[in-house]
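A.B. asks: The structure that follows is given in the form of structure tokens.
The values are calculated or read from the model by the stated rules, or taken from the named source; none is laboratory data. Worth saying up front: this structure is predicted, and the values here are computed from it rather than measured. Backbone-built Cβ (ideal geometry, glycine too); neighbour counts: all protein chains shown.
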Amino acid sequence: MIGIITLSIVPMRADQSERSEMISQLLFGEEVEVLKVSPPWLKVRNVSDGYEGWVDIKMVDLMAADSFNSDNRILAKPFITVINVRDRQKMFLSAGSVIGPISDNRFKLGSDWYELSDNSDLFLPRYSKPNLIAVAIQFLNTPYLWGGKSIFGVDCSGLVQLAYSICGVQLPRDASQQIAVGEPIDSLDNVQEGDLAFFLTLTVI
């Protein structure tokens, strides 16, 4: 079973309880694979990064896998306003949200059409180090939020994942997973913009 997120942000929790730790977030337009149904909860896997957690069943639109559009793109602006054409409800979408192909200032997600307040400079044309730095800087002064990955609240690995995904490079969700991706740099003399630094904690006995 497949689902899609049609709310601005959906919390993903470690267990099936509102009191359970929020381990990540799902953003508007992201797709999930349903692994387990335990009403009122779903255990899901984020299709883009494979991250798993529990979400409220009311916050996921379940649909056929062939309902998704492969031409969707990732929003690069810090946030935008969209209006659901069906009920005229306004939504604020964070950078990292997934937007469908735009036609006449509108795009479709699932069964609904959405109207854009501004359709200029929504996406980045391709990956580049200057683009990556520019995207990351957009998140300056964003509040820290454990498990967050939006302009409204973000954690360290969420920021890294967001910045790279907006630029077209998909990384895992957590720092412990991100450290295993890419190639190690053998000297600080070879460090370039966009490289990631990880710090190991040493235990002294």
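A.B. asks: Can you name the condition, by its number, that L124 falls short on among (1) in contact (Cβ under 8 Å) with a residue 40 or more places away in the chain; (2) under 25 Å from R13 (Cβ atoms)?
C.D. replies: (2)
A.B. asks: Restricting segment 19-43 to residues that are touching a Gly at 6+ places or on another chain (Cβ under 8 Å) and closer than 21 Å to S94 by Cα, which is surrounded by the fewest Cβ atoms within 10 Å (Cβ to Cβ)?
C.D. replies: Residue satisfying both the conditions and the ranking: M22.
Yes/no per residue for (1) in a loop (DSSP other than H, G, I, E, B); (2) out of contact with any helix residue (DSSP H, G or I) (no Cβ under 8 Å at 6 or more places or on another chain); (3) more than 26 Å from V47 (Cα to Cα); (4) modelled with pLDDT of 95 or more:
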| position | (1), (2), (3), (4) |
| --- | --- |
| K77 | yes, yes, no, no |
| I83 | no, yes, no, yes |
| G96 | yes, no, no, yes |
| E115 | no, yes, no, yes |
| D118 | yes, yes, yes, no |
| L122 | yes, yes, no, no |
| P125 | yes, yes, no, no |
| N131 | no, yes, no, no |
| F139 | yes, no, no, yes |
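A.B. asks: Counting just the residues of segment 27-49 that are touching a helix residue (DSSP H, G or I) at 6+ places or on another chain (Cβ under 8 Å) and aliphatic (A, V, I, L, M), which one comes out nearest to D87 (Cα to Cα)?
C.D. replies: By that ranking, first place goes to L42.
A.B. asks: Being under 24 Å from S117 (Cβ atoms), hydroxyl-bearing (S, T, Y), in contact (Cβ under 8 Å) with a residue 12 or more places away in the chain and not assigned by TED's automatic domain parsing to the domain that holds K149 narrows it down to one of S94, S24, so name that one.
C.D. replies: None of the others qualify; the one that does is S94.
A.B. asks: Please indicate, with yes or no, whether at least one residue in segment 141-152 is under 17 Å from E31 (Cα atoms) and surrounded by 15 or more Cβ atoms within 10 Å (Cβ to Cβ).
C.D. replies: Scanning segment 141-152, I find at least one residue that is under 17 Å from E31 (Cα atoms) and surrounded by 15 or more Cβ atoms within 10 Å (Cβ to Cβ), so the answer is yes.
A.B. asks: Under 9 Å between Cβ atoms, which residue pairs at least 6 apart in sequence (or on different chains) link something in segment 184-201 that is without any contact (Cβ under 8 Å) to a residue 12 or more places away in the chain with a partner that is loosely packed, with under 10 Cβ neighbours inside 10 Å?
C.D. replies: I185/Q192; V191/A197
A.B. asks: So in segment 49-75, with the set limited to residues that are assigned to a loop (DSSP other than H, G, I, E, B), modelled with pLDDT under 95 and of a type in the set (G, A, S), which one is nearest to L124 (Cα to Cα)?
C.D. replies: S70
A.B. asks: While we're here: Output yes when any residue across segment 179-196 is touching a helix residue (DSSP H, G or I) at 6+ places or on another chain (Cβ under 6 Å), outside the structural domain of E21 (by TED's automatic domain parsing), surrounded by fewer than 17 Cβ atoms within 10 Å (Cβ to Cβ) and under 25 Å from P78 (Cβ atoms), and no when none is.
C.D. replies: Yes.
A.B. asks: Could you pull out the residue among K129, K90, K108 that is surrounded by fewer than 18 Cβ atoms within 10 Å (Cβ to Cβ) and touching a Phe, Trp or Tyr at 6+ places or on another chain (Cβ under 9 Å)?
C.D. replies: The match here is K108.
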